[in-house]
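I have placed the structure first, in the form of structure tokens, so that the comments after it can refer back to it.
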Amino acid sequence: MKMRNIELLAPAGTKEKMEFAFLYGADAVYFGGHNYSLRANAKNFSNEEIKEAVMFAHERGKKVYVTVNIVFHDEDLDGLVDYLKYLSEIKVDAIISSDISVIDTIKKNNIDLEVHISTQASIMNYEAALFYKNLGATRIVLARECSKEDIKRIKEEMGLEIECFMHGAMCTSISGRCVLSNYCTNRDSNRGGCAQICRWTFDYKKDGQKISDEVFSMTPKDLNMIPYIKEMINLGVNSFKIEGRMRSIYYVATVILIYRRLIDKILNNTLTDEYKDYALKVLNRVANRESTPQFFDKLPGVNEQYYLGREEVSNQDFLGLVLDYQDGYAIIEERNYFKVGDTVQFFGPNMETFDYTIDNIMDEDGNVIDIARHPQMIVKIKIDHELPKFAMMRIKMFDI
Amino acid sequence: MEKKKILININNLASLEEYRKIGFTNFLFAVEDFSIGYQAFPLDKIPKDAYLFLNRVMDSKTIDHLKEVKEDILKYRGIIFEDLGVYNIFKDENISLIWFQNHFGTNSNSINYYLDHGCDSAVISNELCGDEIKKIITSAHKPLVFNVLGKNNIMYSRRKLLSNYNEYMHLDDYNDVTLETNKNRFFARESEYGTCLFNDEYFNYINFAKELADDKIKYYLILNMDLNPEDIQNILDGSVFGDEGFLNKKTVYRLEDYDR
């Protein structure tokens, strides 16, 4: 396959998650500030933290996109001009927005800021994409509902950069077209207050009578585009986006590393079916829901959603974070219980993933122990493989 | 509220004459292939003095189809549109355009953008409180469309949520069902283009509308689902009906505001 710049775009709900995303192979990250971002109740970034994040990214040749993606009410417009000017001054690489008032504000005030059109705009056709292109947008984040044919047509007719979600949670609704949260909880979904009503269960009734003994749920399974990434690259997709600003560092690291290697293998023609199978297994394990390609090749059917409410499992695979490696010992911060005799797996940036059966553990003071049972306790494990800082140790899931 | 300023959607052609007889003059029709959630009609059944309600989020194939019938559509009085692809196709044509990107008409700047760029009017979102609505109407550059009665399209999914559930549960092909949980009840309708959820209770902003400057309103919109012309007349005459929606209930989105 012809090499070209394919961007792997990661969520970064915090500075720590951003650092892990870059370390594990992301080319760019996206996050929100304290205002105007759809994850209103995530930690998000202060103005100063955004500035630091941009410097951190640029020093490493990476990019930062800031979400300014709420659907504004009049009261939210106060301070918007100053905020956009600030983002321009500190040289964020682009903002992600869907509200025309943001784009118009940038134009009217001659603010030097690239705009990527958010998936909240739900662009599924080339005429809508052309509308935004004419406004000066430099990239379109397509609706998750786009089919292969839609992606192809939009790229051909519009020519701008295209960004597609390839992994993570899905809304049941077309993005931005859901205010269930407003009605059920008074929390404004389009300003970051979504209470995820689509994960609730309902009675299913017709003419006042229950017509099913079981509850009704409309929860979609997650998105996972592994089978089609090569095809998407061929269609002209420029940036592959991972959802999940509120996910853990373990999730971010695992997912980014898998996709980094997958994309690299596609670009250098070394992708094998075995690696794809392995990647699928790892990704299905790290998430708490099943995942499927959703809309790319067909309309999601009976197998692409859940029907009886939450079918999610808590993931405790993350055993420890490698803080350092000295004199043949890995210094590890414990995250979940492990003990001598367990077979674990180490993975991380710039290293091959490998299995290891733990045959020794020492506590911080050098005392031999059998079990690491306390989250965040520091332990040492003698191990022959040199490990990079911030590699991770997890339960051995599958053969590599 | 003068009837000549009411714009009402039509669910069956038989009711059209009844509405005309009692003084309505502005009608809105959902259009086959381009609309969702409402009874849709083929273009040749829709009177030319009506507005067309193109409220689907459209894929490229649908946009191609829309261009094929563009000349036919230009014979109508106007278009109320959801998808900006529709706007891009018709913005330089001689037809009245009304922006109704559902749930996005929530601030003055966005509304004024479309008013300043070829749209004759815009529909204000219904999830705003009374004070927010008044402020937007006051600062709008042209008279707006204000939805005074109806069931809001609360959620619009491309998925066939009901068919999938019916199949999974081995049920008959139920459509137009009610989804109910605790205090909340929604009406769900599916078509080949996806599934819409509406609030089960009508909202009624007719009394509130009397507080608005009439010259700042282009149309008072009624999005009817199942009421007949007589019901509508009675409600306009003051029958107690429906609820006040968000008029006195400002939405919040930050944790610290949730308990207020």
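The values are calculated or read from the model by the stated rules, or taken from the named source; none is laboratory data. Predicted model only: the values in this text are computed from it and were never measured. Neighbour counts run over all protein chains shown; Cβ positions are idealised from the backbone, glycine included. The protein model used for the area step is the full one, side chains on, heavy atoms only, and it has no ligands, DNA or RNA in it. Shrake-Rupley method; radii C 1.70, N 1.55, O 1.52, S 1.80 Å.
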Just to be sure I understand the filter: pairs with C-beta atoms under 7 Å, separated by 6 or more residues or on different chains, first member in region B:62-86 and under 19 Å from A:S122 (Cβ atoms), second member of a type in the set (G, A, S) and crowded, with 24+ Cβ neighbours inside 10 Å. Which pairs pass? B:I63/B:G85; B:D83/A:A128; B:L84/A:A128; B:G85/A:A128
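Restricting the search to region A:267-282, which residues are surrounded by 20 or more Cβ atoms within 10 Å (Cβ to Cβ) and within 18 Å of A:M232 (Cβ to Cβ)?
Initial filter on region A:267-282 (surrounded by 20 or more Cβ atoms within 10 Å (Cβ to Cβ)): A:279, A:282.
The one that is surrounded by 20 or more Cβ atoms within 10 Å (Cβ to Cβ) and within 18 Å of A:M232 (Cβ to Cβ): A:A279.
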Could you check region B:205-252 and list, in sequence order, the residues that are more than 21 Å from the chain's Cα centre (by Cα) and open to solvent by less than 40 Å² (accessible area, probe 1.4 Å)? B:V252
Taking region B:32-41, which residues are under 16 Å from B:R189 (Cα atoms) and assigned to a strand (DSSP E or B)? B:A40
Hey, does region A:288-308 have a residue that's touching a helix residue (DSSP H, G or I) at 6+ places or on another chain (Cβ under 6 Å), within 30 Å of A:K389 (Cα to Cα) and not in a helix (DSSP H, G or I)? no
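Provide a single number: the residues in region B:1-35 that are of a type in the set (F, W, Y) and loosely packed, with under 13 Cβ neighbours inside 10 Å.
To start, the set of residues in region B:1-35 that are of a type in the set (F, W, Y) comprises B:19, B:24, B:27, B:29, B:34.
Within this subset, residues satisfying the condition of being loosely packed, with under 13 Cβ neighbours inside 10 Å are none.
Counting residues in region B:1-35 that are of a type in the set (F, W, Y) and loosely packed, with under 13 Cβ neighbours inside 10 Å gives 0.
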Do you know which of the residues in region A:204-229 that are within 7 Å of another protein chain (Cβ to nearest Cβ) and open to solvent by 50 Å² or more (accessible area, probe 1.4 Å) is nearest to the chain's Cα centre (by Cα)? A:E214
Looking for whichever is at pLDDT 95 or above and open to solvent by 30 Å² or more (accessible area, probe 1.4 Å) here; the options are A:R285, A:R260. Which one fits? A:R260
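Just need a number here: residues in region B:168-189 that are out of contact with any Gly (no Cβ under 8 Å at 6 or more places or on another chain) and facing chain A (nearest Cβ under 7 Å). Reasoning before the result, please.
Quick first cut of region B:168-189, residues out of contact with any Gly (no Cβ under 8 Å at 6 or more places or on another chain) only: B:168-177, B:179-188.
The next check asks that each one be facing chain A (nearest Cβ under 7 Å); those that pass are B:168-169, B:171, B:174, B:177, B:179-181, B:184.
Selection size over region B:168-189: 9.
Would it be correct to say that A:I154 is under 25 Å from A:D76 (Cα atoms), open to solvent by less than 10 Å² (accessible area, probe 1.4 Å) and among the aliphatic types (A, V, I, L, M)? Even if it seems obvious, please write down each step before you answer.
Values: under 25 Å from A:D76 (Cα atoms): no; open to solvent by less than 10 Å² (accessible area, probe 1.4 Å): yes; among the aliphatic types (A, V, I, L, M): yes.
Spelling it out, it is not the case that A:I154 is under 25 Å from A:D76 (Cα atoms), open to solvent by less than 10 Å² (accessible area, probe 1.4 Å) and among the aliphatic types (A, V, I, L, M).
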Since A:K133 meets every condition but one in (1) open to solvent by 20 Å² or more (accessible area, probe 1.4 Å); (2) over 23 Å from A:N5 (Cβ atoms); (3) out of contact with any Lys or Arg (no Cβ under 9 Å at 6 or more places or on another chain), which condition does it not meet? (2)
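Does A:T67 count as crowded, with 21+ Cβ neighbours inside 10 Å and touching a residue at least 12 places away in the same chain (Cβ under 8 Å)? First the steps, then the outcome.
Details: crowded, with 21+ Cβ neighbours inside 10 Å: yes; touching a residue at least 12 places away in the same chain (Cβ under 8 Å): yes.
So A:T67 fits the description; yes.
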For region A:184-193, indicate whether the set of residues that are touching a residue at least 24 places away in the same chain (Cβ under 8 Å), part of a loop (DSSP other than H, G, I, E, B) and open to solvent by 20 Å² or more (accessible area, probe 1.4 Å) is non-empty. no
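Would you mind stating whether B:E180 is open to solvent by 60 Å² or more (accessible area, probe 1.4 Å) and of a type outside the set (A, V, I, L, M, F, W, C)?
For B:E180, the condition - open to solvent by 60 Å² or more (accessible area, probe 1.4 Å) and of a type outside the set (A, V, I, L, M, F, W, C) - is not met.
Among the residues that make up region B:170-179, is at least one of them at pLDDT below 95 and not aromatic (F, W, Y)?
Restricting attention to region B:170-179, the residues satisfying the condition of being at pLDDT below 95 are none.
There is no residue in region B:170-179 that is at pLDDT below 95 and not aromatic (F, W, Y).
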